[in-house]
Amino acid sequence: MPSPPLRHIRIADVLALVLIVAATVVWSDAQGWGAATLTGVTVVLVTWPALFIGMALARWWRQRDWRYVGIGTTLFVIATASAAIGILLTG
Amino acid sequence: MDALAVSQAAPWILLGLATFTAMLGAIGGIGGAVLLVPALLVMGWSPLEAAPAGMAMVAAGAFAAVPAQARNRTSNLRLAAVLETSASIGAAAGAVLSVTIAPTALMRLLGVAAMVAALAGGTRTGQRNLPVEGADINLLREQPGLLASAYIDPQGRVVPYRATRVPAGLGLTWVAGVVAGMTGTSGGYLKTPIMSEVMHIPVKVAAATTVFMAGITASVALAVYAGQGRLTSAVAPAIIGGLVGGRLGALLQPRLPAGTVRQLLSVLLMIIGIVVVVTA
């Protein structure tokens, strides 16, 4: 039985396969689903690092490793703010 | 071959190029966009189209590689969080500077820096972090409060390591972030040699950690491109190639000796250095 973190990683493996199928749908525009599927693929590719950072933050929180909880939170805030500012300034 | 045939073949060429560069990226710890984007420009893509395709490939490659690299413990998330925080601050500064400073001279300088890093890594012999027979990786990995951990080499031995010269690494990673912000790349080709040659992180760990860092940078860039409406179905082959190549690279890297990975990284850095200097 995989431990909880490994279970999440197995989910990421399955999601990678789903993403290949979805990107193929985008490529072929099967049944006219290309644009909607591209939106879904983009959401996954944009948000997956947040999942990994979140998992790491939860682990460091459990370990009471406050220095890295602070660093990880700072990284999360900077990355989110960078994306938001970039969209606001150039979108 | 007529123009129609070329345009019909273009997605398949993009698929092949993205698969190859994502695989090299996952093995050697470069984002890969710095190789893919110039190739697309040569094929006639406009920079406005090529940049999103490059970043989509990097994000997809990292998405496929990071779970495997986290599982085999070559990716160090503490190290990634520390260095990417510094790089992100540098990237923000670089994005601001890019409006006022022409990046040509900086690009040439960094192309030369990539070549110097290639020579430094390629000519170095021996192994800094040696395996410890009979060590338990569960006792050595993920040490709270420390940038120290361990990974398993191809012979199944545990190799402990600890980051050295952290302030220098932070400063240089900030510079790599400035470059990434100025040039619209992930800067991975600078981050891996900084970790390996300055901070004495094992090259496989440096490469896998850079893949995760490049994934963060690429996901932020993708969000911006999506907001600009620049992500179209044309990037789909780059995403598929990134996913397949990233996974292949992550599966291959643990089976390769550290020296082979270092030599491959050196060759890639030399190619990137030449590409960067020529295209600057």
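What follows is calculated from the coordinates using simple rules that are stated; it is not laboratory data. Keep in mind the model is a prediction, meaning the values are calculated, not measured. Reconstructed Cβ throughout: ideal geometry from the backbone, glycine too, with neighbour counts over all protein chains shown.
A few remarks follow.
- Among B:44, B:111, B:61: highest mean-square fluctuation, GNM of chain B, C-alpha pairs under 10 Å: B:44
- The slack in the chain from residue B:120 to residue B:228, taken as 0.36 nm per residue of separation less the alpha-carbon distance, amounts to 34.9 nm.
- Estimated FRET transfer efficiency when R0 is 22 angstrom, pair residue B:135-residue A:61 (beta carbons, to 0.05): 0.20
- With each label modelled as a point 7 angstrom along the Cα→C-beta vector, the residue B:162-residue B:252 pair spans 3.5 nm.
- Tilt relative to chain B, helix B:77-100 - C-alpha long axis, 0 to 90 degrees, to 10: 30
- Table column - 3J(HN,Hα) (Hz), segment B:50-61, Karplus curve with 6.51, -1.76, 1.60, x for Gly and Pro: 5, 4, x, 5, x, 5, 5, 5, 5, 4, 5, x
- Residue among B:18, B:65, B:236 with the largest mean-square fluctuation in a Gaussian network model of chain B, springs linking Cα atoms under 10 Å: B:236
- Ordering of B:190-203, B:217-230, B:249-262, B:158-171 by burial proxy (mean other Cβ atoms within 10 Å per residue, highest first): B:190-203, B:217-230, B:249-262, B:158-171
- Placing +1 on each Lys and Arg Cβ and -1 on each Asp and Glu Cβ, with no other charges, gives segment B:151-280 a dipole about its Cα centre of roughly 220 debye.
- Angle in degrees between helix B:166-183 and the longest Cα principal axis of chain B, rounded to the nearest 10: 10
- Among A:44, A:77, A:26: highest mean-square fluctuation, GNM of chain A, C-alpha pairs under 10 Å: A:77
- Angle in degrees between helix B:258-279 and the longest Cα principal axis of chain B, rounded to the nearest 10: 30
- Residue mean of other protein chain beta carbons inside 10 Å, A:62-72: 4
- Dipole in debye (nearest 20) - chain B, about Cα centre, beta carbon charges: Lys, Arg +1; Asp, Glu -1: 500
- For segment B:105-235, the relative contact order is 19 percent, taking Cα pairs closer than 8 Å that sit 6 or more residues apart in sequence and dividing their mean separation by the residue count.
- Per-residue mean of C-beta atoms belonging to partner chains within 10 Å, peptide A:32-38: 2
- Shape of segment B:44-103, Cα gyration tensor, a/c cut at 1.5: oblate
- Dipole check for the protein assembly as shown: with +1 at the C-beta of Lys and Arg, -1 at the C-beta of Asp and Glu, and the Cα centre as origin, the magnitude is about 980 Debye.
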